1. When both residues are 6+ apart or on different chains and their Cβ atoms are under 6 Å apart, which pairs have a first residue that lies in the range 75-93 and is at positive phi, and a second that is surrounded by fewer than 21 Cβ atoms within 10 Å (Cβ to Cβ)?
2. Residues in the range 15-27 that are out of contact with any Lys or Arg (no Cβ under 6 Å at 6 or more places or on another chain) and open to solvent by less than 80 Å² (accessible area, probe 1.4 Å): how many?
3. Kindly list the number of the only condition in (1) touching an Asp or Glu at 6+ places or on another chain (Cβ under 8 Å); (2) open to solvent by less than 80 Å² (accessible area, probe 1.4 Å) that fails for Arg7.
4. Being exposed (fewer than 15 other Cβ atoms within 10 Å of the Cβ) and part of a loop (DSSP other than H, G, I, E, B): is that true of Ser55 here?
5. Does the range 28-36 contain any residue that is open to solvent by less than 90 Å² (accessible area, probe 1.4 Å), in a helix (DSSP H, G or I) and touching a residue at least 24 places away in the same chain (Cβ under 8 Å)?
Amino acid sequence: MEEALRRLAIKDDKVIFSLDLCLRASDLGAIDSLLISDRIFQKNLDEDILIELVSKVEKSKGEVYLLDYSTDLGIQVDSLGGALALLRFPITS
């Protein structure tokens, strides 16, 4: 998370947050590290989409971290939409 915050502070285009952007980046194999708050499972989302996201990240040799919301890190990721990714390369919006 420290790396993510550093990248956000300098407006680095190799950090994204929100499930939609993470899904798009996973399609491109761009995710190096994916951080997901466990509270994302409490939202009205199709769990198959989350499973597909994690599978794509792992298939492209990325790291996936599921964070407990009771921790500071989990709270921070949840406040950014529940999913945050550090990218290998920037994606276009």
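The values are calculated or read from the model by the stated rules, or taken from the named source; none is laboratory data. These numbers were taken from a predicted model, which means no experiment stands behind them. Quick reminder, even Gly has a Cβ in these numbers, built from the backbone with ideal geometry, and neighbours come from all protein chains shown. Protein only, heavy atoms only, side chains kept; ligands, DNA and RNA dropped before computing areas. Shrake-Rupley method; radii C 1.70, N 1.55, O 1.52, S 1.80 Å.
1. Filtered contacts from the range 75-93: Gly81/Phe17; Gly81/Ser18; Gly82/Ile40.
2. Matching residues across the range 15-27 total 7.
3. Of (1) touching an Asp or Glu at 6+ places or on another chain (Cβ under 8 Å); (2) open to solvent by less than 80 Å² (accessible area, probe 1.4 Å), only one is false for Arg7: (1).
4. No: the conditions fail for Ser55.
5. Taking every residue of the range 28-36 in turn, none turns out to be open to solvent by less than 90 Å² (accessible area, probe 1.4 Å), in a helix (DSSP H, G or I) and touching a residue at least 24 places away in the same chain (Cβ under 8 Å).
This table checks each residue for (1) closer than 19 Å to Leu67 by Cα; (2) in contact (Cβ under 8 Å) with a residue 24 or more places away in the chain; (3) over 14 Å from the mean Cα position of the chain (by Cα).
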| residue | (1), (2), (3) |
| --- | --- |
| Ser18 | yes, yes, no |
| Leu23 | yes, yes, no |
| Asn44 | yes, no, yes |
| Ile51 | yes, no, no |
